[in-house]
1. What are the pairs with Cβ atoms under 6 angstrom where one residue, in the stretch 49-71, is under 24 Å from ASP20 (Cβ atoms) and within 10 Å of the ligand (Cβ to nearest atom) and the other, located anywhere, is in a loop (DSSP other than H, G, I, E, B) and of a type in the set (Gly, Ala, Ser)? Sequence gap at least six, or different chains.
2. With the requirement that a residue be touching a strand residue (DSSP E or B) at 6+ places or on another chain (Cβ under 6 Å) and open to solvent by 20 Å² or more (accessible area, probe 1.4 Å), what does the stretch 137-154 give you?
3. Please determine, by comparing only the residues of the stretch 1-30 that are away from the ligand (no atom under 16 Å from the Cβ) and more than 24 Å from PRO110 (Cβ to Cβ), which one is nearest to the chain's Cα centre (by Cα).
4. If you go through the stretch 126-136 one residue at a time, how many are out of contact with any strand residue (DSSP E or B) (no Cβ under 6 Å at 6 or more places or on another chain) and within 16 Å of the ligand (Cβ to nearest atom)?
5. How do the pairs read when you match residues in the stretch 11-30 that are free of Cβ contacts under 8 Å to residues at least 60 places away in the same chain with residues anywhere that are more than 12 Å from the ligand (Cβ to nearest atom), using Cβ under 7 Å and keeping only pairs 6 or more apart or on different chains?
6. Look at PRO123 and say whether it is within 16 Å of the ligand (Cβ to nearest atom), over 23 Å from ALA69 (Cα atoms) and either touching a residue at least 40 places away in the same chain (Cβ under 8 Å) or in a loop (DSSP other than H, G, I, E, B) (or both).
7. Condition (residue is among the β-branched types (Val, Ile, Thr), buried (at least 22 other Cβ atoms within 10 Å of the Cβ) and closer than 30 Å to THR202 by Cβ) applied to the stretch 317-330: is it met by at least one residue?
8. For the stretch 80-91, how many residues are in a loop (DSSP other than H, G, I, E, B) and within 16 Å of the ligand (Cβ to nearest atom)?
Amino acid sequence: MDTRTVAVFSLGGTIAMTTDPVTGGVVPALSAHDLLAAVPALQHLDVDLRVHDFRNVPSASLGFDDLDALTEALADAFRTGCDGAVVTQGTDTIEETAYLLDLLLPGDQPVVVTGAMRNPTLPGPDGPANIHAAVIAAAAPELTGAGTVVVLGDEIHAARTVRKSHSTSPAAFTSPATGPLGRIHEGRVHLHAPLAARTTFTRPTTGAAARVGLYTATLGDDGTLLAAMAEACDGLVVAAFGVGHVPEGFVGILERAASRIPVVLASRIGNGPVLRGTYGFPGSEKDLLARGLIRAGHLDAHKARLLLHTLLRQGRTPAEITAAFATAAH
Ligand code: ASP
């Protein structure tokens, strides 16, 4: 195999944190070069790295402007010959950033997002091993056409299915519905199944902001807060109970909202689909879909919010948004 070229973009997060003398807590500080210098094994890979210090923030503070800029920079890297790319960032928002990149980068070159659960000051930090595995994955011809994947703990997860499933475990990343796409061992990518087709969208060109709310149904909620949130939104995702159920008091609020803005029905479970037509009571999935809500299908609520955000920024019509969800979230 010829030498592969991989772009590395560092965005901060625990993987890049060291102790701050003022607060005594860890804060983002290490550069992309620092991160790579901690992985001597990279020198044994036949890979040229193009290194970019892109941001240095905790991932809770990444925003759509950062992701727009990163998408553009990744597209540039691929235009100028990179075979793949690695993004290092905080793990808290990886399941969202990776999905957004997957939606907006249609090329065949893989984007591999990674981070660390244990910061560099702790015994057994996982960042160096994750970077090593991520570079192997980004350079692997087996992942050509995979879109964006998340690599931690030697597992490869599709952006569309991955979730952070534990707040501290080094094995925090899982794909609850499908399991990992594959694994990395002995320096190679091993896929468990052929890569699935994916849906991509052109990058929004308008720059128009879209405010998409995410509201979680909870026991005994009378809907007052939901009504207030819906008023402030350009689009709304409801993380409903189970297969897509809400309290009866939500029904009128959601129907009125859906006549004005797109309202997506997702599940707060995060594993398994919203159903279409099993239950028939007011506030059931069948009832809400008949009142104009859009079914999130298998897409979890956080990812449904990002898909809706992307479609709104592209100025899509309600019919186009419904069709896009049917394709991208089946
Ligand atoms: N709070 C950190 C972040 O997302 C957690 C991490 O990186 O694991 O930036």
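1. PRO58/GLY90; SER59/GLY13; SER59/GLY90
2. Result: GLU142, ASP154.
3. Narrowing the stretch 1-30 to residues away from the ligand (no atom under 16 Å from the Cβ): 1-8, 21-22, 24.
Subset that is more than 24 Å from PRO110 (Cβ to Cβ): 21-22, 24.
Details: PRO21: 33, VAL22: 33, GLY24: 31 Å.
Ranking the qualifying residues of the stretch 1-30, first place goes to GLY24.
4. Number of matching residues: 5.
5. VAL27/ASP20; ALA29/THR18
6. Numbers: within 16 Å of the ligand (Cβ to nearest atom): no; over 23 Å from ALA69 (Cα atoms): yes; either touching a residue at least 40 places away in the same chain (Cβ under 8 Å) or in a loop (DSSP other than H, G, I, E, B) (or both): yes.
In short, no.
7. no
8. Keep residues of the stretch 80-91 that are in a loop (DSSP other than H, G, I, E, B), which gives 80-83, 89-90.
Right, trim to within 16 Å of the ligand (Cβ to nearest atom) and you get 89-90.
Final tally of qualifying residues: 2.
The values are calculated or read from the model by the stated rules, or taken from the named source; none is laboratory data. What you see is a predicted model, and the numbers here were worked out from it, not measured in a lab. Reconstructed Cβ throughout: ideal geometry from the backbone, glycine too, with neighbour counts over all protein chains shown. Protein only, heavy atoms only, side chains kept; ligands, DNA and RNA dropped before computing areas. Shrake-Rupley method; radii C 1.70, N 1.55, O 1.52, S 1.80 Å.
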